[in-house]
Amino acid sequence: MKFTKMQGAGNDYVYVNCFEECPDNPAEVARKVSNRNFGIGSDGLILIMPSSVADVRMRMFNSDGSESEMCGNGIRCVAKYAYDHGIVGKKEITAETGAGILTLQLFTDTADKVEKVRVNMGEPRLTRAEIPMIGDGAGRVVDEPLNILHSVFRITCVSMGNPHCVIFVDDVENFPVEKYGPLIENHELFPRRTNVEFVHVVSRNEVRQRTWERGAGETLACGTGASAVTVAGVLNNLTERRIVNHLSGGDLEMEWPENGPVFMTGPAVEVFRGEIDI
């Protein structure tokens, strides 16, 4: 199987061009290629596929083999691959995902290679039913208490096509993400599990985020998570509608205009290409 390794703000995936070939069992392949000791090494596997309703289709599998609806950093790399490899020939494209059809604006360098992508991430979904969470389906979860191991966290929950639980903390660099991340990910409140963002507010225009990603553990970046953090910051009156989010793997420019979708702008980088016996 031919593959391309790509990363967006350090969130790295193995990409397969399914216009040419596609694995029969992507969940199994995701587990194999993601292994950083015995495989290629990545946060998961992303398939770039034909679509009947958009320019391309993305399917995304976590490193544990579970399929997720969307990946904000991954979709930017899908756009880069599609343009740089001639699948599409325009600088505004659409991509079909498990979270719906997204529009992406491509920015190229002097060699006409994509270096940055602005993504319309869609409108945030804020009710329990949409996230999903147990409880009153029409209700929102903003600054609600959650008890974990005798600690109380104030959580704000948002779906960006996939579920997110945002927690604002004072010292995110030293926060034990690996301890509390999996406990919240698998909490009974979340029937489909959840991604968890731990966030320090630097200023009203700047935050620092660490992410425990559902099915992958802590990752260097999460684009849907950064979108959820943007929304949660506004809902809690902690940040403005336009911010810079400093993730472990790099920065993302985020914007949530009133009554509209969230926009994310960030890098997309091809690391290397290869071939693996699966």
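The values are calculated or read from the model by the stated rules, or taken from the named source; none is laboratory data. These numbers were taken from a predicted model, which means no experiment stands behind them. Note that we place each Cβ from the backbone using ideal geometry, even for glycine, and neighbour counts take in every protein chain shown.
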Matching residues in region 74-101 (within 17 Å of G44 (Cα to Cα) and not in a helix (DSSP H, G or I)) number 2
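Taking into account only those residues within region 258-267 that are out of contact with any Phe, Trp or Tyr (no Cβ under 9 Å at 6 or more places or on another chain) and on the phi < 0 side of the Ramachandran plot, which is surrounded by the fewest Cβ atoms within 10 Å (Cβ to Cβ)?
Quick first cut of region 258-267, residues out of contact with any Phe, Trp or Tyr (no Cβ under 9 Å at 6 or more places or on another chain) only: 258-261, 264, 266-267.
If we keep only those that are on the phi < 0 side of the Ramachandran plot as well, we get 258, 260-261, 264, 266-267.
Working: E258: 6, G260: 13, P261: 18, M264: 28, G266: 25, P267: 22.
The qualifying residue surrounded by the fewest Cβ atoms within 10 Å (Cβ to Cβ) is E258.
I need the full set of residues from region 171-197 which are charged (D, E, K, R) and in contact with a Gly (Cβ under 9 Å, 6 or more places away or on another chain), in order please. Talk me through it step by step, then tell me what you get.
At the first step, the residues of region 171-197 found to be charged (D, E, K, R) are 171, 173, 178-179, 185, 188, 192-193, 197.
Matches in region 171-197: E178, E185, R193, E197.
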Answer yes if at least one residue in region 42-59 is assigned to a helix (DSSP H, G or I) and either assigned by TED's automatic domain parsing to the domain that holds E115 or farther than 22 Å from A226 by Cβ (or both), and no otherwise. no
Could you look through region 118-161, keep only residues that are small (G, A, S) and buried (at least 17 other Cβ atoms within 10 Å of the Cβ), and pick out the one that is farthest from A79 (Cα to Cα)? S159
Just checking, which of E28, E20 is in the same structural domain as Y83 (by TED's automatic domain parsing), surrounded by fewer than 17 Cβ atoms within 10 Å (Cβ to Cβ), of a type in the set (D, E) and touching a residue at least 24 places away in the same chain (Cβ under 8 Å)? E28
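Can we say V172 is without any contact (Cβ under 8 Å) to a residue 40 or more places away in the chain, touching a Lys or Arg at 6+ places or on another chain (Cβ under 9 Å) and among the β-branched types (V, I, T)? Give the derivation first.
Details: without any contact (Cβ under 8 Å) to a residue 40 or more places away in the chain: yes; touching a Lys or Arg at 6+ places or on another chain (Cβ under 9 Å): yes; among the β-branched types (V, I, T): yes.
Here the answer is yes, as V172 does meet what is asked.
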Single residue of region 184-200 satisfying the filter (free of Cβ contacts under 8 Å to residues at least 40 places away in the same chain and in a loop (DSSP other than H, G, I, E, B)) that is surrounded by the most Cβ atoms within 10 Å (Cβ to Cβ): R193
Among the numbered criteria (1) buried (at least 24 other Cβ atoms within 10 Å of the Cβ); (2) charged (D, E, K, R); (3) farther than 29 Å from E123 by Cα, which one does K2 miss? (1)
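Based on what the data block shows, is S203 over 14 Å from the mean Cα position of the chain (by Cα), of a type in the set (G, A, S) and either surrounded by 24 or more Cβ atoms within 10 Å (Cβ to Cβ) or farther than 30 Å from F3 by Cβ (or both)? Outline the logic, then answer.
On the way: over 14 Å from the mean Cα position of the chain (by Cα): yes; of a type in the set (G, A, S): yes; either surrounded by 24 or more Cβ atoms within 10 Å (Cβ to Cβ) or farther than 30 Å from F3 by Cβ (or both): yes.
Judged against the criteria, S203 is a match.
Test A111 against the criterion of being of a type outside the set (K, R) and either farther than 20 Å from V269 by Cα or touching a helix residue (DSSP H, G or I) at 6+ places or on another chain (Cβ under 9 Å) (or both), and give yes or no. Spell out the reasoning first.
Values: of a type outside the set (K, R): yes; either farther than 20 Å from V269 by Cα or touching a helix residue (DSSP H, G or I) at 6+ places or on another chain (Cβ under 9 Å) (or both): no.
Taking the combined requirement at face value, the residue does not satisfy it.
Could you identify the single residue in R125, R118, R57 that is modelled with pLDDT of 95 or more and closer than 29 Å to D143 by Cβ? Steps first, answer last, please.
Numbers: R118 fails: closer than 29 Å to D143 by Cβ; R57 fails: closer than 29 Å to D143 by Cβ.
That would be R125, the only listed residue that is modelled with pLDDT of 95 or more and closer than 29 Å to D143 by Cβ.
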Select, from E218, E255, E270, the only residue that is buried (at least 16 other Cβ atoms within 10 Å of the Cβ) and not assigned by TED's automatic domain parsing to the domain that holds N205. E270
